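Below: one structure, written as structure tokens.
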Amino acid sequence: FFFFKQKTAYEISACLVGSEMCIRDSLISRYENGRDKLISTEVEVTDMKAYLTKLEPQLIKANEETKQLMVNLQVKQKDADSKREVCEKEEQECNIQKEEANKLRDECQTELNKVIPILEEALKALEAVKREDIGNLKSYTSPPDGVRLVMETLCYIFNVPPVKKQGEDLRKKELDYWEPSKKKILNDPGKLLKDIQSFNEERIATCLLYTSDAADDLLCVDLGGRRIIKKKPISD
């Protein structure tokens, strides 16, 4: 049998006192740690307050700058919206002009397609013209209207000015292209053929012709489906 030694009152009292001291030391340590944390936290808060106080003018300035920036952005946005509206309007106008230009181009191409065969026939006919045929034209005292129109056209092409001639109406004079054309165009048939064959049509002046038998009261006449602007007759 084993016998347990019973502790005396003194030994039990010593154990209790030791336990209480351990508990007390633990509480004191926890208290001191908490106190140190509070002190360090208070120091950090104080430093943070000082930093924020120092930073406050900068924050106020930054806030004012942000407000001003927002105002500027609103103004610029309105200006951008206004410019966008102008650009959209100009784009619409450009699209309209583009459509008109395309329409005009198509019309010009249509008219060009009609004229090209006529030009090719005229070039073929020109190749058949002889110097003698041109020389015979000078024999006309009063040429037919077709001949007059051709010679008037040649005067415009080669910059031969007309002369004023007394017309049927004695109160005014008419422009005559026949006499200048006989002197300056038909005088050298060979040169005329060569000049016509080598002539660049882009050199033709923008001033268009009108026939002498057209109505003088009209500002324009129509020849072969083309609108021809008349030149004003020269008066004394």
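The values are calculated or read from the model by the stated rules, or taken from the named source; none is laboratory data. Note that the structure is predicted; figures quoted are calculated from it, not measured. No Cβ is skipped: glycine too gets one built from the backbone with ideal geometry, and neighbour counts run over all protein chains shown. Accessible surface areas use protein heavy atoms only, side chains included; no ligands, DNA or RNA. Shrake-Rupley method; radii C 1.70, N 1.55, O 1.52, S 1.80 Å.
At-a-glance table
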| read-out | value |
| --- | --- |
| Heavy atoms of Leu27: accessible area, 1.4 Å probe, square angstrom to 10 | 100 |
| Virtual spin-label span in nm between Lys67 and Glu132, 7 Å along Cα→Cβ | 10.5 |
| Solvent-accessible ranking of Arg171, Arg105, Arg30, Arg35, largest area first, probe 1.4 Å | Arg171, Arg30, Arg105, Arg35 |
| Exposure ranking of Ile116, Ile60, Ile157 by accessible area [1.4 Å probe, largest first] | Ile60, Ile116, Ile157 |
| Hydrodynamic radius of segment 126-200 per Kirkwood, over alpha carbon pairs, in Å | 13.2 |
| Full-extension gain in nm, Lys89 to Asn200, via 0.36 nm per residue minus C-alpha separation | 35.7 nm |
| Residue order for Ile96, Ile185 - accessible surface, 1.4 angstrom probe, largest first | Ile96, Ile185 |
| Met21 accessible area, 1.4 Å probe, all protein chains in place, Å² to nearest 10 | 90 |
| Environment charge at Tyr31 (Cβ cut-off 14 Å; Lys +1, Arg +1, Asp -1, Glu -1) | +1 |
| Cβ crowding within 10 Å averaged over residues, with 131-138, 65-72 ranked highest first | 131-138, 65-72 |
| Placed amide H near Lys173: partners under 5 Å, 5+ positions off or other chain | Asp236 |
| q = 0.14, 0.25, 0.28, 0.34 Å⁻¹, segment 131-174: log10 I(q)/I(0) [Debye, one scatterer per Cα] | -0.43, -1.07, -1.12, -1.11 |
| Per-residue ³J(HN,Hα) for segment 173-187, Karplus 6.51 cos²θ - 1.76 cosθ + 1.60, θ = phi - 60°, Hz, x for Gly and Pro | 9, 10, 7, 10, 9, 5, 5, x, 5, 5, 7, 10, 10, 8, 6 |
| Nitroxide proxy distance, nm - points 7 Å out along Cα→Cβ at Met48 and Ile60 | 2.3 |
| For segment 60-128, with +1 on Lys and Arg beta carbons and -1 on Asp and Glu, the positive-most of Pro117, Gln74, Gln92 along the dipole | Gln74 |
| Dipole moment magnitude, nearest 20 debye, segment 14-113 about Cα centre, only Lys, Arg, Asp, Glu C-beta charged | 700 |
